1. Does segment 307-321 include one or more residues that are among the aliphatic types (A, V, I, L, M), touching a helix residue (DSSP H, G or I) at 6+ places or on another chain (Cβ under 7 Å) and at pLDDT 90 or above?
2. Out of (1) within 27 Å of N85 (Cβ to Cβ); (2) surrounded by 14 or more Cβ atoms within 10 Å (Cβ to Cβ); (3) without any contact (Cβ under 8 Å) to a residue 12 or more places away in the chain; (4) not basic (K, R), the odd one out for H281 is which?
3. Being surrounded by 13 or more Cβ atoms within 10 Å (Cβ to Cβ), polar (S, T, N, Q), in contact with a Gly (Cβ under 7 Å, 6 or more places away or on another chain) and at pLDDT below 90 is true for just one of S200, S292. Which residue is that?
4. Among the residues of segment 231-254, write down those that are over 20 Å from the mean Cα position of the chain (by Cα) and on the phi < 0 side of the Ramachandran plot.
5. Mind checking which pairs have a first residue in segment 265-276 that is closer than 16 Å to L255 by Cβ and a second that is modelled with pLDDT of 85 or more and small (G, A, S), Cβ under 6 Å, 6 or more apart or different chains?
6. Looking at (1) more than 26 Å from R113 (Cα to Cα); (2) surrounded by 14 or more Cβ atoms within 10 Å (Cβ to Cβ), which one does G310 not meet, given that it meets all the others?
7. In segment 101-147, what count of residues is obtained for those that are small (G, A, S) and either within 21 Å of S161 (Cβ to Cβ) or assigned to a strand (DSSP E or B) (or both)?
8. Test T84 against the stated conditions and say whether it is under 18 Å from V19 (Cβ atoms), among the β-branched types (V, I, T) and surrounded by fewer than 17 Cβ atoms within 10 Å (Cβ to Cβ).
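The values are calculated or read from the model by the stated rules, or taken from the named source; none is laboratory data. Note that the structure is a prediction, hence the values are computed from the model and not measured. Ideal geometry is used to build each Cβ from the backbone, glycine not excepted, and the neighbour counts take in all protein chains shown.
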Amino acid sequence: MEHPSALYDKLPIEAVKKVSPAVVSIVISKLLPSVKRAGPMPFLPPNLFPPDDIGVLPGQGEKEKVKVGGGSGFIVHPDGLILTNKHVVFDPEAEYTVVANDGKEYQAKVLARDPITDIAVVKVDAQGLPTVQLGNSKKLELGQTVIAIGNALGMFQNSVSKGIISGLSRSISAALGTDGEMEHLRGVLQTDVAINQGNSGGPLINLDGEAIGINTAIIYGAQNIGFAIPINWARQDLEDIIRHGRIVKPFLGLLYVMLNKKYQNQYGLVRECGALVIRDHRPNSVAVVPGSPADRAGIKENDIISHVNGQELPSDADLSEELQKLKVGDEIELTIFRKNEQLKLKTKLEERK
């Protein structure tokens, strides 16, 4: 009879053995002006680049390929399809190299970046690769054991950490690149698994060795609070890639905030639930995109969308979540409150470009 401690360890060990061969590191490189050393360099931790004014002089116009970052990913098709985070491969001017678990390196092509969520699909030219089986993120429960695997800090390939699901539907805002662009994500998984920079894009797995999430974000200064994209979000993206060669998402064409009692009292609105159509803080922002399905329906700034196809938007839902249940080409009916007037407007969803 096996010792209880051996039985306790057996499931996570077997799950990691099953998944690790298909977890990859993604190295981000760019052509940057070369530098000339101007003397001895101070000690710096590995993979950290010195500030431009420490020990270096500008080159004479030459450029060299420089590693500027790294992340993780995992193979989901033996012909080289890899899931990762959009923010890992966000820079269209960068080059991406996939380093497999056996040390082989492949040049990677970004096939698609999801316009809605922090998911991207990249491709390497190889066949017969090991893959990770996708699980079902809808079946997750609070307290369930999960394991993260990834290239921690860009230095420690296939690092493993274990924890639990500590939240099932969280809302976060995360930086996409270095220019301050943000992405707002609702319905993400919260875990207490140790996730570090470089883990982004790696799989969050269950004890059956199935990917149930994509590790995506941490909160700086917090202890054991990490977030992962539910794997079910990526399933449709993969199906779109295989079927259409791109990710297909329905597009309505407006900006909004989801209402609550606080907003209702603050702005004197007629409803406390729904989506208030309003521009954001960005320069030249518009509430309704000209020529979009929303524009053709007659939606205007400060309208409140209360129902989609007769179904009321609950206080804990988001308009985008309801739209993602629909398909490009679907005709939808939106119930609108405009001041004290209630309207029903119809339009047809287009493909998001």
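1. First pass over segment 307-321, keeping only residues among the aliphatic types (A, V, I, L, M): 308, 313, 317, 319.
Next, only the ones that are touching a helix residue (DSSP H, G or I) at 6+ places or on another chain (Cβ under 7 Å) stay: 308, 313.
With the extra rule that they be at pLDDT 90 or above, the set shrinks to 308.
Yes: one or more hits.
2. Failing condition for H281: (2).
3. Working: S292 fails: at pLDDT below 90.
Of the residues listed, the single one that is surrounded by 13 or more Cβ atoms within 10 Å (Cβ to Cβ), polar (S, T, N, Q), in contact with a Gly (Cβ under 7 Å, 6 or more places away or on another chain) and at pLDDT below 90 is S200.
4. Scanning segment 231-254 gives R243, H244, L252, L254.
5. G274/S306
6. Just one mismatch for G310, condition (2).
7. Count: 6.
8. Taking the combined requirement at face value, the residue does not satisfy it.
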